[in-house]
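Just below is one structure, and these are the notes that go with it.
The values are calculated or read from the model by the stated rules, or taken from the named source; none is laboratory data. Owing to the predicted nature of the structure, the values given are computational and were not obtained by experimental measurement. Methodologically, a virtual Cβ is constructed for each residue, glycine included, from the backbone with ideal geometry; neighbour enumeration extends over all protein chains shown.
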Amino acid sequence: MVSLLRGDVEQTAGHGHLWVVLPPEAANASGSASGSTFTVKLPWFLNGPGALEISGRRLDGRGTLSGSVAYDEPGEEPRMQAASVQLSTLGCHEVRGEHAGEVVTIVFAARAT
C-alpha cells in the first residue's frame, strides 16, 4: 500500500485557468503499486482551449516521474481532466501542470505503509 503525505493545506491548488485536486491524506491515499512503479491519480480542472501537460521530478533522491492524461478533453469550457503520475520509487515528488499559459506546481511525499 502507498500513502501520500501532505501538509495542512486546502484540497485544491491552482489559479486562473488551471486547478488540481491535491492528493488525499495518508489514510485515504489513492496510490497503487504496479510492478516497480507507483501510480497516483490527480484530477485537474481546466478552463480555456489547449491540452494539459504534466511533468515532474523526485526531489529527495534518484527516481523518475512521468505524467499521463487519461483522455483528451477538448473544448474551451471549464472541464475536468483525469490524469495520473507514475513514480519509479517512493519519496518526495514535484508535479508541474501546464495549461493555457498557467503553471501549477505541487509537492507531495509518497511513502509505504
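For the stretch 4-22, state whether one or more residues are more than 17 Å from residue 86 (Cβ to Cβ), at pLDDT below 50 and assigned to a strand (DSSP E or B).
We begin by selecting, within the stretch 4-22, every residue more than 17 Å from residue 86 (Cβ to Cβ); these are 5-19, 21-22.
Those still in the list that are at pLDDT below 50 too: 5-9.
Of the ones still in play, those that are also assigned to a strand (DSSP E or B) are 5.
Yes, the conditions are met somewhere in the stretch 4-22.
Across the stretch 51-66, what is the number of residues that are of a type outside the set (Val, Ile, Thr), within 17 Å of residue 14 (Cα to Cα) and either part of a strand (DSSP E or B) or in contact with a strand residue (DSSP E or B) (Cβ under 6 Å, 6 or more places away or on another chain) (or both)?
Of the residues in that region, 4 qualify.
Return the residue satisfying two criteria in turn: it lies in the stretch 85-113 and is part of a loop (DSSP other than H, G, I, E, B) and of a type in the set (Val, Ile, Thr), and of such residues it is modelled with the highest pLDDT.
Per the stated criteria, the residue is 89.
Output yes when any residue across the stretch 39-62 is modelled with pLDDT under 80 and at negative phi, and no when none is.
No, that holds for no residue.
So, of the residues in the stretch 25-38 that are within 15 Å of the chain's Cα centre (by Cα), modelled with pLDDT under 80 and assigned to a strand (DSSP E or B), which turns out to be farthest from residue 102 (Cα to Cα)?
So the residue we want is 32.
Count, please, the residues in the stretch 72-109 that happen to be of a type in the set (Asp, Glu), surrounded by 14 or more Cβ atoms within 10 Å (Cβ to Cβ) and more than 17 Å from residue 41 (Cα to Cα).
1
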